[in-house]
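Step one of this worksheet: look at the structure below.
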Amino acid sequence: MKDGRHPAVFLDRDGVLNAPVLVDGKPHPPTSTSELELLPGVSAACRRLKERGFLLIVITNQPDVARGHTTHASVTSINQHLCELLPLDAVYMCPHDDGDNCECRKPKPGLIVDAARGWDVDLVASVMVGDRWRDIEAGRNAGCMTVYVDRGYSERAPISFDACVQDLEDAATWILDHPPLVDEREPVP
């Protein structure tokens, strides 16, 4: 941690925190809080990371808003429900599709950079955890370490990452075992 700045674990949402809806081997987000299902071990992993002083910030692409498959209000409701279930500090969401060419859609690092500014995050001491190539590239583009949660999707996999794990519990263990991410620090309130 440099100059009083905070380390963070940036978390993709669907496939890392909650179960995605798989269609032909490809992940899709739940459409409502009734479809939201936390993945096993997520609560414990988040608690472990918080106890060691990491901010927990969700960074999620939700292009179904731009595609007209869901509403901004529905996505916001799911995000708020996740914040009630888990010790998350914030959720940053991109509602755009690739054609919008925005700065916030992963693999661009816009949401991570915005979150880092808003929460005084030390990006070098932080990590992005994701289950898709866009997550890993966004983390790398922001200067974070990256942990790929390999769910075996039928799509392009990331080329380069710092660790490959099976779930958020394994990711938390890897993060807590790898300096410079971990030092003696007070938990973030």
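Angle of helix 42-51 to the longest C-alpha principal axis of the chain, folded into 0 to 90 degrees and rounded to 10: 30°. Helices in the chain, meaning DSSP H runs of at least 4 residues, each add -39500 (n - 2.57). Divided by all residues, the mean residue ellipticity at 222 nm is -8500 deg cm²/dmol. Computed on the range 8-176, with alpha-carbon pairs under 8 angstrom and 6+ residues apart, the relative contact order is 24 percent. Listed as lacking a disulfide-compatible partner in the chain: Cys46, Cys83, Cys102, Cys144, Cys164, by the criterion of no other cysteine Cβ under 4.7 Å. Enter the angle in degrees (range 0 to 90, nearest 10) between the Cα long axis of helix 133-142 and the first principal axis of the Cα atoms of the chain, meaning the one along which they spread out most. Between helix and principal axis, roughly 40 degrees. Need one word for the range 1-125: rounded, prolate or oblate. Basis is the Cα gyration tensor (sqrt eigenvalues a ≥ b ≥ c); a/c below 1.5 gives rounded, then a/b vs b/c decides. Here the range 1-125 falls in the oblate category.
The GluC sites (Glu not before Pro) of the range 102-166 meeting both criteria, a DSSP state outside H, G, I, E and B (loop) and at most 13 other C-beta atoms within 10 angstrom of the site's C-beta, are Glu103, Glu155.
None of the figures in this text is laboratory data; all of them are computed from the coordinates on show. Remember, predicted model here, so these are calculated numbers, not experimental data. Quick reminder, even Gly has a Cβ in these numbers, built from the backbone with ideal geometry, and neighbours come from all protein chains shown.
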